1. At negative phi, in a loop (DSSP other than H, G, I, E, B) and at pLDDT 95 or above - does that describe any residue in the stretch 359-366?
2. Which of the residues that make up the stretch 299-319 are of a type in the set (Gly, Ala, Ser) and more than 24 Å from TYR15 (Cα to Cα)?
3. Residues in the stretch 318-325: is at least one surrounded by 24 or more Cβ atoms within 10 Å (Cβ to Cβ), within 23 Å of the chain's Cα centre (by Cα) and not in a loop (DSSP other than H, G, I, E, B)?
4. Taking the stated definitions as given, is ALA377 closer than 18 Å to GLY265 by Cα, assigned to a strand (DSSP E or B) and out of contact with any Cys (no Cβ under 9 Å at 6 or more places or on another chain)?
5. Determine if the stretch 375-388 includes at least one residue that is under 16 Å from the mean Cα position of the chain (by Cα) and either loosely packed, with under 13 Cβ neighbours inside 10 Å or modelled with pLDDT of 95 or more (or both).
6. Report whether or not PHE358 is touching a Cys at 6+ places or on another chain (Cβ under 6 Å) and not charged (D, E, K, R).
Amino acid sequence: MDWNPYSARWRDDPYPMYRELRDRAPLHYSPDSATWTVSRYDDVVAVLKDTEVFSSKTRGGQMESRIESLSTAEKLQLFVRFVSRMRTAPWTMRRSRMLIQEDGAVHLRMRDLVNRGFTPRQIKRLEPRMRALVAECLAELGRKPQFDLVSELNIPLPVTVIAELLGVEPEKRHVFKHWSDAIIAGATGSGIGNPLDSGVLDAMGELRAYLRPIVRRRRARPADDLISILVGAEVDGEGLGDYEIFLFVLLLLVAGNETTTNLLGNAVDALLAHPDQLARVVAQPALVPGLVEETLRYDGPVQFLTRRTMREVALHGQRIPAQASVVALLGSANRDERRFGEPDRFDVGRDARGHVAFGFGAHFCLGASLARLEAKAALEALVPELPRLARVRPEREFLDSYLIRGRARLDLRAA
């Protein structure tokens with residue numbers, strides 16, 4: 001089978017290929033990307049659950065492979081650019097820890113730091129602010145005959161919320177989103193083809209320069225925000241360095257806005273494509289939480305996670321060698337007919353519990369509750385308006401990413 005998880009070939013509609021993988025090659029090796037793909041629900045859960053065999057220390061995945069293909073001179077040029085952008089000594093970067101690339105006790109202790117800013121009580125406290133932001137956006141949209149829902153609601157809501165949680169300026173949300181988009185496209189989209197020309201380094205360097213004085217101020221005068229929590233934290237008796245704090249904030253900014261932005265876009269897109277389901281939610285607003293979960297299952301914003309084998313492992317009659325890259329297809333697992341009946345049917349009344357859109361096990365998305373609440377607040381206000389709106393054009397424009405699935409634009413007008 002001709003399958004490569006890093007190809008844009010299946011970006012617009014990967015689901016038929018996912019079904020073929022589940023039926024014909026539940027464990028598939030791609031020589032082009034040197035990856036093993038698991039696509040069935042039970043296999044995806046098993047991979048994500050067993051962190052001793054399937055480690056999160058993936059060393060950069062496809063980006064690493066692209067860098068390895070560069071000449072020695074090009075690698076040196078990239079290294080110098082990276083060090084100059086990050087303004088950090090190479091040995092500091094080498095020993096710095098990043099939450100999503102740690103396992104075991106270190107991961108749990110690092111995760112606990114950020115969890116202090118995502119407790120159920122703190123998330124619930126944000127709900128009035130979320131609803132106010134949604135109301136402001138919808139009031140502005142109501143004055144326009146035509147608008148892009150992605151840029152005018154789906155982006156401002158989560159970017160503003162995560163900025164306020166971090167304690168940075170929400171007014172700079174357009175800059176934050178620009179950095180996030182550049183990093184996503186450069187690390188998981190067409191920009192990965194040539195790391196030397198990628199906008200990733202520029203975006204990361206600008207974010208790093210923006211954060212440095214903020215971190216200095218928080219060290220001198222802590223505030224009630226996530227950056228202050230990170231500044232005052234210790235892991236294994238050692239405080240987080242400035243570069244480690246930058247890695248935390250980078251993860252929170254990118255994941256904190258991309259997940260909700262694309263969850264909302266995918267939900268509205270699915271409702272417009274299934275008017276019978278839209279009518280159900282309009283008639284029964286209590287179905288909105290179910291709509292959120294069904295969207296996560298049916299067309300989730302994160303399509304897969306990567307892991308690295310710590311030892312040789314047997315699966316489906318094949319042997320995956322040690323230190324191999326394994327792709328766990330979340331999007332396929334959520335469409336597995338072995339777990340969900342009629343998986344290709346979008347049904348807002350479905351019991352979608354058990355989907356793996358937010359991952360599974362120790363690395364389950366720590367912002368899942370925040371994303372769910374943001375989506376619920378937005379959709380409860382937006383769904384009653386959708387019957388009066390229509391697409392401006394039938395074509396759907398997707399993000400430039402093999403990993404993140406979402407609509408780049410969603411232009412609507414009065415029906």
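1. At the first step, the residues of the stretch 359-366 found to be at negative phi are 360, 362-366.
With in a loop (DSSP other than H, G, I, E, B) added as a condition, the list becomes 360, 364-366.
Narrowing the set further to residues that are at pLDDT 95 or above leaves none.
The answer is no, given that none of the residues of the stretch 359-366 is at negative phi, in a loop (DSSP other than H, G, I, E, B) and at pLDDT 95 or above.
2. Taking the stretch 299-319 first, the residues of a type in the set (Gly, Ala, Ser) are 300, 314, 317.
Scanning the stretch 299-319 gives ALA314, GLY317.
3. Here is the first cut: in the stretch 318-325, the ones surrounded by 24 or more Cβ atoms within 10 Å (Cβ to Cβ) are none.
No, every residue in the stretch 318-325 fails to be surrounded by 24 or more Cβ atoms within 10 Å (Cβ to Cβ), within 23 Å of the chain's Cα centre (by Cα) and not in a loop (DSSP other than H, G, I, E, B).
4. Details: closer than 18 Å to GLY265 by Cα: yes; assigned to a strand (DSSP E or B): no; out of contact with any Cys (no Cβ under 9 Å at 6 or more places or on another chain): yes.
Criteria not met by ALA377.
5. Residues of the stretch 375-388 under 16 Å from the mean Cα position of the chain (by Cα): 375.
This time we only want the ones that are either loosely packed, with under 13 Cβ neighbours inside 10 Å or modelled with pLDDT of 95 or more (or both), so: 375.
The answer is yes; a qualifying residue exists.
6. Criteria met by PHE358.
Each row is one residue, and each column tells you yes or no for (1) under 25 Å from LEU403 (Cβ atoms); (2) under 17 Å from the mean Cα position of the chain (by Cα); (3) assigned to a helix (DSSP H, G or I); (4) at pLDDT 90 or above.
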{"position": "ARG208", "(1), (2), (3), (4)": "yes, no, yes, no"}
{"position": "ASP224", "(1), (2), (3), (4)": "no, no, no, no"}
{"position": "ILE229", "(1), (2), (3), (4)": "no, no, yes, no"}
{"position": "GLU258", "(1), (2), (3), (4)": "yes, yes, yes, no"}
{"position": "LEU263", "(1), (2), (3), (4)": "yes, yes, yes, yes"}
{"position": "ASP269", "(1), (2), (3), (4)": "yes, no, yes, yes"}
{"position": "ASP276", "(1), (2), (3), (4)": "no, no, yes, yes"}
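Yes or no, residue by residue, for (1) buried (at least 22 other Cβ atoms within 10 Å of the Cβ); (2) more than 19 Å from the chain's Cα centre (by Cα):
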| position | (1), (2) |
| --- | --- |
| ASN4 | no, yes |
| ARG11 | no, no |
| PRO16 | no, yes |
| ARG19 | no, yes |
| LEU27 | no, yes |
| SER33 | no, yes |
| VAL38 | yes, yes |
| VAL44 | yes, no |
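The values are calculated or read from the model by the stated rules, or taken from the named source; none is laboratory data. The model shown is predicted, which means the values in this text are computed figures rather than measured ones. For neighbour counting, all protein chains shown are included, and Cβ atoms are generated from backbone atoms with ideal geometry for every residue, glycine included.
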